[in-house]
Amino acid sequence: MRFLARAWVRADDLCPGPASCPRANSYRCEGCGEGFESPVEPDACPRCGGRSLGVEPCAGCPREKLEEGLAAPVGLILQRAAQIDDALQLGFHLTLGDVTAEEFVALCILREERLKRQGEEVKGR
């Protein structure tokens with residue numbers, strides 16, 4: 001869970017996204033749905049000639065792996081913990097009886113990782 005929380009709070013550092021990733025070379029035509037690879041950015045779809053192309057994430061994309069982890073059971077607990085933390089920041093009042101043991105552990109881990117990230121950002125300035 002800690003590894004996932006650490007990656008989540010640093011998601012912006014994992015990958016700039018498919019459109020900016022130098023390793024992304026898979027494209028999908030928004031017109032016909034054809035998927036294809038190209039070492040250079042293509043002008044048009046080889047199947048239909050359409051010019052509306054989307055860039056797919058590269059193989060092994062760390063941001064995609066993060067999304068997979070967040071969709072898994074441990075990731076869902078971590079997301080619930082983030083929602084609980086948001087509610088607390090908004091002034092809601094919760095007791096330990098309002099959260100499960102797993103949510104509490106996730107909340108503690110998430111808070112620690114957010115604080116570590118803030119410390120890294122301060123040192124980097």
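The values are calculated or read from the model by the stated rules, or taken from the named source; none is laboratory data. Since the model is a prediction, treat every value here as computed from it, not as a measurement. Cβ sites come from the backbone with ideal geometry, for glycine too, and all protein chains shown count toward neighbours.
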query: Cβ-Cβ below 6 Å, separation at least six or inter-chain, first residue in segment 39-65 and within 25 Å of CYS15 (Cβ to Cβ), second outside any loop (DSSP other than H, G, I, E, B) and polar (S, T, N, Q): which pairs?
result: GLU56/SER26
- request: Return yes when LEU4 is surrounded by 15 or more Cβ atoms within 10 Å (Cβ to Cβ) and either in a loop (DSSP other than H, G, I, E, B) or among the aliphatic types (A, V, I, L, M) (or both) and no when it is not.
  value: yes
query: Do we have THR95 as β-branched (Val, Ile, Thr) and out of contact with any helix residue (DSSP H, G or I) (no Cβ under 9 Å at 6 or more places or on another chain) here?
result: yes
- request: Mind telling me which of the residues LEU70, LEU76 ends up being surrounded by 15 or more Cβ atoms within 10 Å (Cβ to Cβ), assigned by TED's automatic domain parsing to the domain that holds LEU107 and either touching a residue at least 60 places away in the same chain (Cβ under 8 Å) or part of a helix (DSSP H, G or I) (or both)?
  value: LEU70
query: Are there any pairs, at least 6 apart or on different chains, whose C-beta atoms fall under 8 Å, with the first in segment 104-117 and in the same structural domain as ASP86 (by TED's automatic domain parsing) and the second among the basic types (Lys, Arg) and not in a helix (DSSP H, G or I), and if so, which?
result: ARG117/ARG10
message: Whether any residue in segment 22-32 is of a type in the set (S, T, N, Q), surrounded by 11 or more Cβ atoms within 10 Å (Cβ to Cβ) and in the same structural domain as CYS108 (by TED's automatic domain parsing) is what I want to check.
response: no
- prompt: Which of the residues belonging to segment 84-117 are within 17 Å of LEU70 (Cβ to Cβ) and surrounded by fewer than 11 Cβ atoms within 10 Å (Cβ to Cβ)?
  reply: ASP86
- prompt: Is there any pair with a first residue in segment 18-33 that is over 9 Å from LEU53 (Cα atoms) and a second that is at pLDDT 85 or above and acidic (Asp, Glu) whose Cβ atoms are under 7 Å apart and which are 6 or more apart or on different chains, and what are they?
  reply: PRO18/GLU56; ALA24/GLU56; ASN25/GLU37; SER26/GLU37; SER26/GLU56
